[in-house]
Every structure is written in C-alpha cells, then in structure tokens.
1. Given points 7 Å out from each Cα along the Cα-Cβ axis, report the Gln26 to Thr89 separation in nanometres with one decimal.
2. Using the per-residue mean of other Cβ atoms lying within 10 Å as a proxy for protection, in what order, highest first, do the peptides 26-33, 95-102 fall?
3. Could you give the nm distance between label points at Gln99 and Asp40, where each point is 7 Å from its Cα heading toward the beta carbon?
Amino acid sequence: MEIQIDKKGERVDPAQRRRSPRIRLQVPVFLRGVDTSGVDFIELTKTLNISATGACIVSTHFLRPDQVVSITVPAPSPTSSSSVVPNETPPISAKIIRQSLAGDLRLFALEFLRPLE
C-alpha cells in the first residue's frame, strides 16, 4: 500500500486527495515541453488516466517537478489528408506534480492549470 504525505507531514488517503474522479482512459496526446537538458521537444504519447483536473501520461523524456508542459489531442483532418501538420485540439497547459518509473517508461502526474470543462 502506498502512503502519501502532504506538505504538512500528515498522511493523505489517495481517494481524498483527488478533486475530481479519474477515468482509466488511453488517449493519444502530443506532449510539448523542454527537457532537463534545455531542449524543446514534441512527443506523441498517451494518457493512462484522465480527470477534469489532471492526467497521468507516459513519456520518454526527463522532466522536472513543477515544470509546465502542454498537451494536445490529435484530431483527424476533416476533409483532406494532404496536410503535413496534424490537426489537434487547443493546447492544455499542465504542471508536473510527480513522476515514477515503470520499466523503461516514465509516468508523470499532471495537474491542469485550468480544469477541463
């Protein structure tokens, strides 16, 4: 069982920590940011779960806690397949809250700067 400690040093039940329920849902997303080496990147990755206030994503990049990144959801082209630049949703800005490792993958918990409506 994982034990979480808040900033005051008190134990926090993970269910009480969440401001909105999360859904296990894999959605492809473009992740944009700057890695710890200072290099801009864009990566096609996926969410593992998502809620109105945040998401858990997979990334191959090294990122810092409290770093702000941007995610967008790819959208199919409405009429033409000749476009070189993929269509996507408006960017969602998010702050990295924590990270963990799962084999060779890095999992990042993101908190959206503005909740989804």
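Only the coordinates and a few stated rules stand behind these numbers; no lab work does. Every value quoted in this text rests on a predicted model; they were computed, and no experiment measured them. Every residue, glycine among them, receives a Cβ derived from its backbone with ideal geometry; neighbour counts consider all protein chains shown.
1. 1.8 nm
2. Working: 26-33: 17.0, 95-102: 12.5.
Output ranking for 26-33, 95-102: 26-33, 95-102.
3. Between Gln99 and Asp40, the label points sit 2.0 nm apart.
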